[in-house]
Every structure is written in C-alpha cells, then in structure tokens.
Amino acid sequence: MAQGKITPEEVKKIASLAKLNLSAPEINKFTPQLAAIIDYVGQLSAVEEKSPPIPKEEVQSVSRTDEVHPSLTSKSALGQSSSTQKNYFVTKAVIDND
Amino acid sequence: MTKNKTISQITTELACKKYSVTELIKEYLDRIKSENPKLNAFITITEKEALQEAQEADKTLSQNPNIFLEKPLLGVPLAHKDLFLTKNIKTTAGSRLLENYLPQYSATVVKKLSKAGAISLGKLNCDAWAHGASGENSDFGPTINPADPTRVSGGSSSGSAAAVAADLVTFATGTDTGGSTRQPACFCGVIGLKPTYGRVSRSGIVAMASSLDSIGHLTQNVYDSALVLETTAGPDPYDATSSNLKVEEYTKLLKKPVEKLKIGIIKEYQDGLTDHDVAGSFALAKSTLEKMNCQIKEISLPHTKYSVATYYIIMPAEVSSNLARYDGLRYGHTRDLFGDEAKRRIMIGTYTLSSGYYDAYYLRAMKVRQLIKADFSQAFADVDIILSPVAPTPAFKLGEKTNDPLSMYLSDIYTVTANLAGIPGIAIPTGKNSSNLPLGVQFLANHFQEAKLFNLAYQFEQHLHA
C-alpha cells in the first residue's frame, strides 16, 4: 500500500479528475486533512487474511421484459435545466474539431 | 415513555372523531411554525399541500369509517428527509447546489407513505448529501437538539430526529449509510430503524453510497416503527437491489415471548466504553434483558477494528461516483457549490479508485468487508440479536468536532458495521443523563430478521417503562 503523505500536487490532480475547481488556499487546506484520512484508512494493509468468496445468491442480475412504459416527458426532463435548446441540454464541446 | 402522540393513538382518535384530520394537521403546523425557528429541523414547510390533503382525508374518513384497513396511516403527520424526491416540492439534499431543484417525480417510499394516507408537512434538514454525523454540514444551518440548544441533533438525519423528538411530526423518513438514522435517533431520544439493505426501495432518494444506503425512519415508539416498515418495505421494479422476500406483518409479531433469546455482546467493544453515561446506558440495557430472562453471551467480531477504515474507503469511492452526476447541466448549480465535506469525500473516493491505488485501497477494503460480514454470519449462528452502543458519547456540543474531520469519522465506530454487513438495526432510548441528554442502545439482527428485532425491541421498551 502506498505510504508517504499525499502532496498538494496530487490533491490538485485528484481535484481535476473529480471536476472540482479548487483554489490554492483550498488545496493547502485539504492536503493535510486528506493525508490524515488516507493514512488512517491505510491500516487495512495489515490485514493479510484471504476473504471468503462472495456467495452466489448475492450476485445476480435483475431483468425485465422489453416493454415500453410511459416515462418523463421531454418537457419535464428538461424543465430543471438553465441551458437547453429545442429538446436538448446544452453543454460544452467535448470534441474540438478546430 | 414519550408524551408525543403515536401513530396508533392518532388513528384511534381520528376514528372516534376526537378531532378531524384538518384540526390535527393545523395543530402540528402551528407547532412547527413556533418551534422550527429555534430548531431548524425543516428546510421546507408544505402548509398549503398538507391542509389540502387533510381536507381530502376528512372527506374520505366521513365516507368510509373503515378506511384505516386500507390506509393504516390516514391523517398521520410525517415529514421527509430532504434527500427524498417529492414531486414539485423543492428537494435540496441539504445543499445549496440543489437549492432550487424541483423533482419531476417522487421517491417510491414517498408514494407508498402517501398512498397509506400519511400527510407530509415538509422537508427535513440534513447534512448536505447525507455527509455527516451531526447536522453541521447542512448548507442551511445545523439542526438544534430539542434537549439542549447548545448541542447537535446528530446526523445525517438531523431534522428527522429533532422533528420527531419535538413532536413537530409523528414520524419521519431517514437514510442510514453509516448510522445516519440510528445515531440522531439516539442523540434525540427517539426510535431509529435501519432496515436490511434491500428491504426498502432506494428509488428516488438522492444516492450517497449505493451498496451501503438503507432507507429507514424515526418514530415515537417501536410499534410505530414496525407499522411504518409494513408500508415502506417491499420489492420495487425501479430498484434492482430491492428484495422479493415477503414483508411480514411486523406489528402482529411484537408480543411473541422473548425469554431464552440469545443476546450477543461484542467482546471487542467493551474496553472502548469510556464515556460514563454511554457505559451506564449499556449496563442498564444488559440488566433489563437479563430481567427479561434473555441469555446474554459474549461474542467476538475480530475484524470490527477495521470497520471505520473499510467504510471510509468504500463509502467515499461510491460517493465520488454518485456525485459525478451533479454537473449543473440537467439540474442544480455547478460543482463549486459542494461544501468542504462533500469535496473531501469526492477526493478520497477519486484517489482510492485511481490507477495505482485501486488495488491497495478499494479492492482491499472490499475484501475486508467480506471478512466483517463473515464475522457477523458466524455470530448470528450463535446468538439471535446483538446489543451494542450507538455512539461513543451522548450528543456533543455544536462546533466541538468540526475542526477535525477524522475525529468525526471515528465516532461512527458502532454504526458502520451494520451497513458494511447489510444487516438491520434499531436504536432505542434507554433514558437520560444528569444533563437531560438522551441515551440509547441499538439491537442488530441478521439479514431480513426485522420481525425478531421489533419483537425484542418492543418488549425491551415495555420493560424499561414498566
């Protein structure tokens, strides 16, 4: 298990992965807190026993027949967004072809 | 015993026309308006809707006096934790990110309770996203403990516990992912139920950790808790993890004799009971069970010392996934409105799931979780019910733990195990300390053994107040 304290650079990277825009003061605030928590949960590295297998009855898929049922209307589904166009949610471009 | 009206008291009094539903609901709404400014239990009060439903209930009752057979909760005032989606009624999850969110559908449990006739008076305050064990992480201010205005109500179902204790509602819904129904129930002196994972549908309830979330409720007494579960439990096509197992008539099984039931006491917890009041409450519970001719047996849960660490890897991992949907595009505001605790948990989850760390943290935690579950399976081969404390201390002071997130996490020690194992638990008050702060204990049972849990809890409650 990875030992050693989490660094501000790592916190910045994690925040970026999680789409959280942290300010520099926030990064400084969170770094020691996260370090303490990660350090605490790291104690599981001491557990060497093999775990029992997950019972078969716990792992089962649930399915239903492929029938169409009424659902939310488009108007209703779009109604809570501040950014829509016709029947679409508007978002930033993911692929930039320029 | 509580002076607050219970569900059965209300339905009896409505049936014999002691008062109308409208009069009853008006009385509760008046009390909410008077007390809520001090307690901050409610985020939204739905006065107009409640009075409308009350009038309809009075009409139904006058046309069909036997309606209680079909609608066992007719006219009973409740409120929902603000994680429960309520169609066209603001649902915030305790967060400014959703401060203007109007759900377009209601949670399955909301629909079930409404169909049974219960009348919702509003939406209850909670730690934002259910992240917390005090109520202090709510973006709408903490809920105050009705027993002491300087202390927390517990969390994350803070408003639910305070509202039931202060008689603002007869019962309230809650969620329990790591203790969030049982701990505030204990801090406020009411009954808090965490059903078996999958016993009650999670559909339409803001997800925290999808393998740990359990949908519970807080009530004035054990009978009411059993009655509410009869309504909320059952399979739901909208929740693939909901169980098809038959829902028992829990209220009819309360008076079964409990002599000779084997009650387990966890060996590993005994040294940790350092708080004088909590130790006293536990000792009282043990001696009460002995007077009831139950057999007390020491059991060992050897992996219980890893519970908090296991929980604080698995839960944030699932939180980081569940909170990814809040991108401000389809509903709510942008992610910068997450509070500190949400950001911490999202980041811990992202870290432990990330490449290079996944095996060492998340996968390891999932394996330890199986060891913890196996400990409980082994224990329940030996005993019927486990008796345990709920929290290391009674309700603590506002601000006491807010500077140290890890210290707050460690206070979950007695509650997270039930969530990791998926088993049911019920928190019951045992009395008060010398400062009038409520004290309690919890009973835990094996999967889907709620009938056994309620049976013992009911008799225990009767004995304590005999």
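Could you list, in sequence order, the residues of region B:1-23 that are basic (Lys, Arg) and surrounded by fewer than 16 Cβ atoms within 10 Å (Cβ to Cβ)? Correct list: B:3, B:17, B:18. Specify the residue that is farthest from residue A:51 (Cα to Cα); the eligible residues are those in region B:341-358 that are at the interface with chain A (Cβ under 9 Å from one of its Cβ atoms) and without any contact (Cβ under 8 Å) to a residue 24 or more places away in the chain. If we take residues in region B:341-358 being at the interface with chain A (Cβ under 9 Å from one of its Cβ atoms) and without any contact (Cβ under 8 Å) to a residue 24 or more places away in the chain, then B:343 is farthest from residue A:51 (Cα to Cα).
Inside region B:209-227, residues that are in contact with a strand residue (DSSP E or B) (Cβ under 7 Å, 6 or more places away or on another chain), closer than 22 Å to residue B:326 by Cβ and in a loop (DSSP other than H, G, I, E, B) make up a count of 1. Pull out all pairs, ordered by first then second residue, where Cβ-Cβ is under 6 Å, the residues are six or more apart or on different chains, the first lies in region B:16-39 and is within 10 Å of residue B:168 (Cβ to Cβ), and the second is open to solvent by less than 20 Å² (accessible area, probe 1.4 Å) and part of a helix (DSSP H, G or I). Here the result reads B:39/B:162, each pair linking region B:16-39 to a residue that is open to solvent by less than 20 Å² (accessible area, probe 1.4 Å) and part of a helix (DSSP H, G or I).
Considering region B:30-61, and only residues there that are over 26 Å from residue B:127 (Cα atoms) and of a type in the set (Gly, Ala, Ser), the residue that is surrounded by the most Cβ atoms within 10 Å (Cβ to Cβ) turns out to be B:57.
Right, residue B:147: over 20 Å from residue B:85 (Cβ atoms), open to solvent by 10 Å² or more (accessible area, probe 1.4 Å), of a type in the set (A, V, I, L, M) and over 15 Å from the mean Cα position of the chain (by Cα) or not? So residue B:147 passes the test.
Would you check if residue B:97 is in contact with a helix residue (DSSP H, G or I) (Cβ under 8 Å, 6 or more places away or on another chain), buried (at least 24 other Cβ atoms within 10 Å of the Cβ) and farther than 30 Å from residue B:400 by Cβ? So residue B:97 fails the test. The set of residues in region B:43-81 that are closer than 23 Å to residue B:103 by Cβ and in contact with a Leu (Cβ under 6 Å, 6 or more places away or on another chain) comprises B:47, B:50, B:77, B:79, B:81. At least 1 residues being more than 8 Å from chain B (Cβ to nearest Cβ) and in contact (Cβ under 8 Å) with a residue 60 or more places away in the chain is the threshold, and among the helices (runs of 4 or more DSSP H) wholly inside chain A not one reaches it.
Please specify each residue of region B:371-419 satisfying the condition of being open to solvent by 10 Å² or more (accessible area, probe 1.4 Å), part of a helix (DSSP H, G or I) and at pLDDT 95 or above. Scanning region B:371-419 gives B:371, B:373, B:374, B:375, B:377, B:378, B:380.
Candidates are the residues of region B:420-466 that are assigned to a helix (DSSP H, G or I) and among the aliphatic types (A, V, I, L, M); the one that is farthest from the chain's Cα centre (by Cα) is B:464.
Within region B:272-294, at least one residue is at pLDDT below 95 and part of a helix (DSSP H, G or I).
The values are calculated or read from the model by the stated rules, or taken from the named source; none is laboratory data. What you see is a predicted model; the values in this text were computed from it and never measured. Because the Cβ atoms are built from the backbone with ideal geometry, glycine has one as well, and the counts that use them run over all protein chains shown. Areas reflect the complete protein model, heavy atoms only, side chains present, ligands, DNA and RNA absent. Shrake-Rupley method; radii C 1.70, N 1.55, O 1.52, S 1.80 Å.
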